[in-house]
Structures are given as C-alpha cells and as structure tokens.
Amino acid sequence: MRGVHRASTRVGFMRMTAVVVFMSLTMIGGSAVAQQTPPGAQPPAGSTQDLGVRIDAPPAVLKYHNRPITTFRATILARPPAERAAAIVRRLDLLLEHAASGMPVTTRSLNGATAIVVDGRDIFAIVPEDVDTLAGETESQRATEAAQRLQQAIEETIEMRTPARILVGVERSVGATLLFAVLMMFVFRIYRILAVRLPTRAEQQVFKMAGETARLITASRVTDLLRHVVTVLAFAMGVLLTYNWLAFVFRSFPYTRPWGESLRAFLIGRFTFFGEKIVQAIPDLFTAVLILVITRFFVRISNSFFLAAERAAIDVPWLHQDIAQPTRRIVATMLWLGGIVVAYPYLPGSDSDAFKGASVFIGLVISLGSSSVVNQMMSGLTITYSRALRRGDFVRIGETEGIVLSVGPLSSKIKTARGEEVTIPNAVVVSHITTNYSKYDKADGVFFGTSITIGYDVPWRQVRALLLLAAERTDGVRPQPPPRVRQSALHDSYVEYILLVALVQPSDRIAVMDRLHANILDAFNEYDVQITSPNYEGDPEAPKTVPRSRWFAAPAVADVKSSDTAGV
C-alpha cells in the first residue's frame, strides 16, 4: 500500500510540475521564446482543467497574413478564443520579424494537448475542447492541418519581404493581364460577327421558305432569339475569363494568394461537382430517356389509331368520327403525363430540395386554382363527348347566336352575325340551353319561323297561299323540305299564322328572314290584303265572316286542303 501511495504521489508531483512550467511559459514567457514574446498563447498543461479550460465564448479563427490557420473554441486561463488568437498573431510577428529563411513547423503531444512548434519554440496548443467532434474531427488531425497551414503562412510572410519574389508576381500579373485583354478583344470580335451574321443568315433562309411555316417563324422572331443566345454565350465567356484572370493575379502575391486559391478551388469544385453528378446521373438519365421513348412509341400508335378513325379509314363502333380528334389529344396527353410521372424519379436532381420545393409550390398553385379550371375542363369534355357543338355550327347559346369558331378545353368561341367574337366559358355553355341549327340541316332541314296576325274577315286559305308565295319568292329558302304554314292561335280579334321555312344556310338567317318579310309585305299588298290585327270596341254593322264564295280567293287553290299535316 505504501508503494502505491508513493507512485501516485510521484505522478501527481510530475503533473503539477508540468502545469507550473506551462503557466510560466504563458504568463512570463519561459525559456528563449519568453524573452521575446508577450503573454498570449497557452500550451496545454498536464490537465486542461488545471488551466481552467472551458467553453463559454464564441469561437475565433486564427488568421496569419490573411490565411486561416485553425479555429479556437476553448477559453484557457480566462482568455477567450479571440484573445488567444490575437496573442498568437503578436507572438508570430515577433518571431518572424527578422527571419530571412523558412522555419520548420512541427507538432508534439504534451499531456492531453498538442503543441504547435515553430523552429523549436512552442507557439500555441490545441486542446481537446478546441476540436469539433460532431464534425468528425480529431485532435491530431486538427493539429496537423494547423501546422501545414502555419508553415505555408510563414513561407508567404517571408516571401512578402523578398523584393525579387514580389517582382516575379508583378511580371506574372502583367503577362496575365495582357493575355486577358487579348482574349476579351477576341471574344468581343467573335460576338460582333456572330450577332450580325447568324440572325442575317437565318432571315435569309426564312425568306426562301413559303407558306404558314415562314409566317410563323417571322412572327415568333426566332432570329432575335439567336442574337440573344449569342449575347448570353459571349457574356458567359467574358465572366469565365475575368474569373480566371482574377484568381491568377491573386495567386501571384502572398497576401492575396488565399483569395486566389479560394476562387480556383470554388471553380474547380463546381466543375468537379457537376461532372461527378453528370457521370452519376447517366444510368438514371438513360432509364428516363428509355421510358420517354417507350411512351412516345405508344403515343404514335395511339395517334395512328385515332387518326384512322377520324378519317373514317376504320369503323370503330364506340368512337364517333367527330370525337376522334379530341380523344386522340386526350389519350396522348394522358400517356405523356404517365410517362413523365414514371420517369420523374430518374431525372437528375429530382430528390433535391429545389425540386421538392418546386413540386410543393406547383401543387399548392394547382390546389388553389384548380376548382374553376377543372370545372371548365370537365364541362369542355361534356360538350365534346355529347357532340353538342362542332366547329362551323350555327348555334344559339343563351342570348348569343352565331357560328362556332372553336371548342377549347376551357371556353368556346362564337362569331356573331355582327362580326363579334364572343368567348363563353364551357361551364356557362353546359348550364344554358344550346340550340344547334346546323346539326340536322343537311338531312331533315331546320325550320325557322315568322308569325303574322290577320283579322277573321280574311280567308285563312288566302293568307296561307300568300305566305307560301312569299316563301317561294325568297332566295335562301330551301324548296325541300317545303315551307309550311300553321294557324298557331285563334285570338279574340284575329288569327295568328306562323310561316316555317328551311334555309339553305342557317347562318344567313338574319338576311334571309329580312328578304322573306319583304316578300310577305309585297305579296299581301299585291293581292290587296291588309295586314292588320283589329281590336273591337263593339259589334260591327255587318258580321265579320268569310262567305263560301270567297273561301278560295286568289291566290288560293280550290283543291288545297286546310294544311299539310306532316312536319312541324
């Protein structure tokens, strides 16, 4: 027991001795370095807690002559990391004040810490509390990196005091600047040539073309796009040359060398990063391209099938010819969407935060504005597959009457008789009664009517004959199916007649009805029949009846019955 007690006493005495030595090195300098170094850096003692090591201040980066050496996190002997870094800079300035050649920088382990030694002198120490263990650092790794960086900083400090080396840096910078100016002039010259010749050559090729393609290219101003592309490429080349020139000039001088190395490392790192990403993405990109190629194959098969149905080359019972074209577009869109969804996980960067954020944003926008859009699109599908409207049909939707210009996914466009283009949302079309005058026009004919009221003293056969005569004289009225007259109502004082006619072109209804009304007036005036709707205040002296002798007054024919019963 006594031997063990003596051994522990000896270890404790040695540890206290180390503490006293390093405290004296820190506080009063110690050995040869203490004579020329103010109090500053603290090498570790045998136990860091003997030196009052704690972490209670923000970290500080030790920089010497613009080059970062290491990061301090621990407070030693009540000195926070910032004071430790400042004291070490002062010590290094004194040590290198008269140095004319390089000084070796080494490390040595000392009782739980690692000392950084310059030319045999302890400059500072890295204690375990300075190490960021969460980042995977170790004390020996941190000390080795600090020693290498300090060695480079010392060499650059000595280089700054050597005029010959500074002159070499100036010469390198001047040469790089001249080369940079020549290259920039060359880029500018190439830019001016391409910015003029490429659009001019493209315009000449467009002028040689004819038809809708040439007009489309001219309207889209593709030639201006070429000029903008050349400008962007020239600007990018200028930025790249300027970046490399600046990095080279910075690396030519010791103090700015860290900046140049950072610029070069950033550029090389970006190119390396993108190159590695491209190489890593090749298999997935190949898979995505393969999926899209397969999707395109199925789209082409689908388009061929629906185009054949649209041209009536094949007979598909469940697919009408009118809806073959929109069905083809819908199926193609669904196939492409399915292919994109399947290929999306294989696209480069699809798992990045940028893609995820864009997906969330697009989903939010769609969810906020999709209700009305989906309503219009579903209404458009209802219109398409109910075959209520087709392009070129003459229709009435609510109070709007005209020719259908287009039936889109969100709205339908109608051109009125006055040349107006009316856009009606598909939901409005579905919610209103739609009258299509063109759907059965070629087969059965669509009848348009006009009404007239005549007193009871005029024979109905004569009125009927006059109305049919006016219809026969009117251009734009079809002879088949023949015009028809209906006695729609027997009012108190007069009879209401309706003349129904089928038009050659329903879209000319306004003009044809104008001519028909004019012919009705002429026919009644020609046969001296008044178009009146009398109202009685009392019984007339003579009864208002038509004697049998006048039942077939001209132009009525005796063998014509009251009216044909077929049709409307």
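The values are calculated or read from the model by the stated rules, or taken from the named source; none is laboratory data. The model shown is predicted, which means the values in this text are computed figures rather than measured ones. Positions of Cβ are generated from backbone atoms using ideal geometry, with glycine treated the same way; all protein chains shown enter the neighbour counts. Side chains are part of the model used for accessible areas, which takes the heavy atoms of the whole protein and leaves out ligands, DNA and RNA. Shrake-Rupley method; radii C 1.70, N 1.55, O 1.52, S 1.80 Å.
Overview of results
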{"item": "FRET efficiency estimate (nearest 0.05) - Cβ-Cβ, ARG548 to THR435, R0 60 angstrom", "result": "0.90"}
{"item": "Distance histogram for the stretch 278-428 (every C-alpha pair counted, 10 angstrom bins, percent rounded to whole numbers)", "result": "10, 25, 28, 22, 12, 3, 0"}
{"item": "Nearest-0.05 FRET efficiency for VAL341 and SER109, computed from C-beta distance (R0 45 Å)", "result": "0.15"}
{"item": "Inter-label distance, nm, simple model (7 Å from Cα along the C-beta direction), VAL360/MET185", "result": "5.3 nm"}
{"item": "Inter-label distance for ALA489 and VAL422, nm, one decimal - labels placed 7 Å from Cα along Cα-to-Cβ", "result": "2.6 nm"}
{"item": "Label zone at ASP132 (point 7 Å along Cα-to-Cβ), backbone N below 17 Å, the stretch 80-122", "result": "81-82"}
{"item": "Gain in span if fully extended, ASP528 to ARG264, counting 0.36 nm per residue against the direct Cα distance", "result": "84.5 nm"}
{"item": "Listed residues VAL230, VAL428, VAL504 arranged by accessible area, highest first, probe 1.4 Å", "result": "VAL504, VAL428, VAL230"}
{"item": "TRP259 accessible area, assembled protein chains, probe 1.4 Å, Å²", "result": "120 Å²"}
{"item": "SER533 - accessible surface, heavy atoms, 1.4 Å probe, Å² rounded to 10", "result": "50 Å²"}
{"item": "Dipole of the stretch 480-530 [Lys/Arg +1, Asp/Glu -1 at C-beta], most positive-end residue of GLN505, PRO483, TYR494", "result": "GLN505"}
{"item": "For GLU155, solvent-accessible area (1.4 Å; no DNA, RNA or ligand), Å²", "result": "90 Å²"}
{"item": "Relative frequency of Cα-Cα separations exceeding 11 Å in the stretch 420-459, percent", "result": "78 percent"}
